[in-house]
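J.: I'd like to ask some things about the structure below.
The values are calculated or read from the model by the stated rules, or taken from the named source; none is laboratory data. This one's a predicted model, so the numbers in the text were calculated from it and none came from an experiment. Every residue, glycine among them, receives a Cβ derived from its backbone with ideal geometry; neighbour counts consider all protein chains shown. These area figures cover heavy atoms from the full protein model, side chains too; ligands, DNA and RNA do not enter into them. Shrake-Rupley method; radii C 1.70, N 1.55, O 1.52, S 1.80 Å.
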Amino acid sequence: ITPAARGAESPLSFGQERIWFIQKTNPESIAYSYGVKFCFEGELSVPTLERCLTEELRRHEIYRTSFHDSLSEPVQRVHPPWSVKLPLIDLTAWPEETRQAEAERQLDTQLREPFDLGRAPLVRWTLLRLDPHTHWLLHLENHLVHDGWASDLFFQELLDLYNAFR
């Protein structure tokens, strides 16, 4: 495999073309959205977590990629990295018996929000604080940037980065 020159548009893979075509026929569809929650127990440094996610964006171009129509075929564009600022939803004021249900509702609500394929990133992160020592990181992405087995690798790398940065 020859590395592609950066700054140029690249063709989509065959799998990406299939998803692209289906998403273009129904842009509001969430059929190709994927979400997972990562649970953190104990003390969590939000700035360190943001630094880790910024590093993930830097290391993995696919998280900075957008997809566009071209004259002959759809193309993908890789954008420069940027700093991640995590939206934080603090649920600590909620009654303890309803926090987890509200956190699940937040995940479901965010999963129902479609991605704009022409606007990077096609991944979204939100941090939910259930109590001072319990956090959920919601990781939502479109299947154009997710291949089914990458979430375990992503999370392991995130943990490795977090431990290194702490």
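J.: Within the set of other residues whose C-beta is less than 14 Å from the C-beta of GLU28, count the net charge using Lys and Arg as +1 and Asp and Glu as -1.
T.: Surrounding charge for GLU28 is 0.
J.: Oh, and also: Could you tell me which residue out of PHE14, PRO47, ASN26 lies farthest along the dipole of the chain toward its positive end? Charges go on the beta carbon: Lys and Arg +1, Asp and Glu -1, centred on the Cα centre.
T.: Sorting the options by dipole projection puts first PHE14.
J.: For the chain, what does the helix formula give at 222 nm: sum of -39500 (n - 2.57) over DSSP H segments with n ≥ 4, over the residue count, nearest 500 deg cm²/dmol?
T.: -11500 deg cm²/dmol
J.: Next up: Using every Cα-Cα pair within segment 2-80, state what percent have a distance larger than 14 Å.
T.: 73 percent
J.: Per residue, how much accessible area does the chain have with a 1.4 Å probe, in Å²?
T.: I get 57 Å² per residue for this part.
J.: Quick one: with all protein chains in place, what share of the accessible area of the chain is carbon or sulfur, to the nearest percent (1.4 Å probe)?
T.: 53 percent
J.: List the GluC sites (Glu not before Pro) within segment 22-114 that DSSP assigns to loop and that have no more than 16 neighbouring Cβ atoms inside 10 Å.
T.: In loop regions of segment 22-114 (DSSP not H, G, I, E or B), the sparsely surrounded GluC sites (Glu not before Pro) are GLU28, GLU43.
J.: Specify the inter-centroid distance of segment 1-72 and segment 79-139, based on alpha-carbon positions, in whole Å.
T.: 17 Å
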